[in-house]
Amino acid sequence: MDGSRVYSAVSSRQRQFDALVRAHTGDLYRYAHWLCGDSALAQDLAQETFMRAWRSLDALRDTGSAKAWLITILRREHARLYERKQLETTDITELELDDPDLLGPEQVGEDSVVRAAMLKLEPKYREPLLLQVLGGFSCEEIAGELGLGTAAVMTQLFRARQKLKSLLAGDASEASA
């Protein structure tokens, strides 16, 4: 009898985790890709996020907050990349420009212009904007995620949009000149 209860608990936990993965894989991957700009690394970050989530699935009490919980894990995983990474310096004269024929689809077109402009935003403006646009989080949820007040988040979102609009207008005027 105990064996069937253990199996039932494991299968219940597995079903809960499978539902979590199905519901949030796309959102996690998109957010990770915006953070790191590399699809392979974004896949690794999403996978590591789900591995950590599996290990601490019992800590998730409210399935309604699962997305915010997973985003928090992903943000921490992304930060860990930089904690472990040794900074290397390169002589600027040794840098080569990318060959336009070798650019991937994420580096070509309007998406690349918007992405490049968003990457120019300071992190304090970029993070809330990404959480709102890619994550679909409300101002209150973003405030909780970033440890800020709702009014501060609203101000940062407003300024982020203004700065992004300015950057995009500048790129458009430079391109037409």
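Each reported figure results from applying straightforward, stated rules to the coordinates on display, with no laboratory input. Fair warning: this is a prediction, and the values are worked out from it, not measured in the lab. For neighbour counting, all protein chains shown are included, and Cβ atoms are generated from backbone atoms with ideal geometry for every residue, glycine included.
What is the fewest-to-most order of Phe50, Phe158, Phe17 by other Cβ atoms lying within 10 Å of their Cβ?
By the 10 Å Cβ count, ascending, the order reads Phe158, Phe17, Phe50.
May I ask for the distance between the Cα centers of the stretch 119-154 and the stretch 34-79, given as a whole number of Å?
The two parts, judged by their Cα centres, are 17 Å apart.
In what sequence do Cys36, Cys139 fall when counting other Cβ within 10 Å, fewest first?
Cys36, Cys139
May I ask you to compute the full-extension gain from Tyr82 to Leu41, defined as 0.36 nm times their residue separation minus their alpha-carbon distance, rounded to one decimal in nm?
Full-extension gain reported as 13.5 nm.
For the stretch 6-86, just say rounded, prolate or oblate: build the C-alpha gyration tensor, square-root its eigenvalues into a ≥ b ≥ c, call rounded for a/c under 1.5, and beyond that prolate if a/b exceeds b/c, oblate if not.
Prolate, because a/c is 1.5 or more and a/b exceeds b/c.
So for each of 159-166, 130-137, 67-74 I average, over its residues, the number of other beta carbons within 10 Å; can you give me the resulting order with the highest mean first?
67-74, 130-137, 159-166
Can you sort Arg22, Arg115, Arg126 by how many other beta carbons sit within 10 Å, fewest first?
If I rank by nearby Cβ atoms, fewest first, I get Arg22, Arg115, Arg126.
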